[in-house]
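Notes to accompany the following structure.
The values are calculated or read from the model by the stated rules, or taken from the named source; none is laboratory data. Owing to the predicted nature of the structure, the values given are computational and were not obtained by experimental measurement. Here the Cβ positions follow ideal geometry from the backbone for every residue, glycine too, while neighbour counts run over all protein chains shown.
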Ligand SMILES: [Zn+2]
């Protein structure tokens, strides 16, 4: 059975592909940077942050977590030559709304004891203050031995209500 999501994808993609002309871009990002941001559905990184196709890596996860993204950051830098990190968290983030205990309880309640046991040591990396979380993640990246010392790192807060990005560090 084809879901409405799949139908939408197929028809919109056919339209996109019929006009597509950028099939010859290089694999490494042309502007040698990566953006790390949240998976939040209200953020359109390409439009909001001025990223053209082929310019940058965009790494997304729940909360725009640097710890969660480290694997992708290392691949971006060591295999594909990016030299700058732009970290962007945002107002109204879901990660501000629960604790690790809440998430573990929810998994146990909804998915049962096997699931709870499987993710028993998982840190969901929630945070309680947006600016502090941005500073903490930038600090984590600056201290990480897996991120070269000459990499430029900045931290930003994006306001989902206004579309404005504010530099924090
Ligand atoms: Zn978020």
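Values as computed for the structure displayed
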{"quantity": "Total residues in the range 42-58, condition buried (at least 22 other Cβ atoms within 10 Å of the Cβ) and within 8 Å of the chain's Cα centre (by Cα)", "calculated": "0"}
{"quantity": "Condition met for residue 129 (at pLDDT 95 or above, exposed (fewer than 11 other Cβ atoms within 10 Å of the Cβ) and within 19 Å of the chain's Cα centre (by Cα))", "calculated": "yes"}
{"quantity": "Residue satisfying all of: in the range 48-83; under 16 Å from residue 152 (Cβ atoms) and part of a loop (DSSP other than H, G, I, E, B); farthest from the ligand (Cβ to nearest atom) among these", "calculated": "81"}
{"quantity": "Hits in the range 106-126 (condition: within 14 Å of residue 62 (Cα to Cα) and surrounded by 16 or more Cβ atoms within 10 Å (Cβ to Cβ))", "calculated": "124, 125, 126"}
{"quantity": "Complete set of residues in the range 98-132 that are in contact with a helix residue (DSSP H, G or I) (Cβ under 6 Å, 6 or more places away or on another chain) and in a helix (DSSP H, G or I)", "calculated": "107, 108, 115, 116"}
{"quantity": "Residue that is farthest from the ligand (Cβ to nearest atom) [pool: residues in the range 14-29 that are within 23 Å of the chain's Cα centre (by Cα) and free of Cβ contacts under 8 Å to residues at least 40 places away in the same chain]", "calculated": "26"}
{"quantity": "Boolean, residue 86 is surrounded by 12 or more Cβ atoms within 10 Å (Cβ to Cβ), in contact (Cβ under 8 Å) with a residue 40 or more places away in the chain and assigned to a strand (DSSP E or B)", "calculated": "yes"}
{"quantity": "Selection status of residue 39, at pLDDT 95 or above, within 16 Å of the ligand (Cβ to nearest atom), farther than 19 Å from residue 154 by Cβ and buried (at least 19 other Cβ atoms within 10 Å of the Cβ)", "calculated": "no"}
{"quantity": "Filter result for residue 32 (surrounded by 11 or more Cβ atoms within 10 Å (Cβ to Cβ) and within 14 Å of the ligand (Cβ to nearest atom))", "calculated": "no"}
{"quantity": "Residue in the range 89-105 that is nearest to residue 57 (Cα to Cα), counting only those that are away from the ligand (no atom under 14 Å from the Cβ) and surrounded by 13 or more Cβ atoms within 10 Å (Cβ to Cβ)", "calculated": "103"}
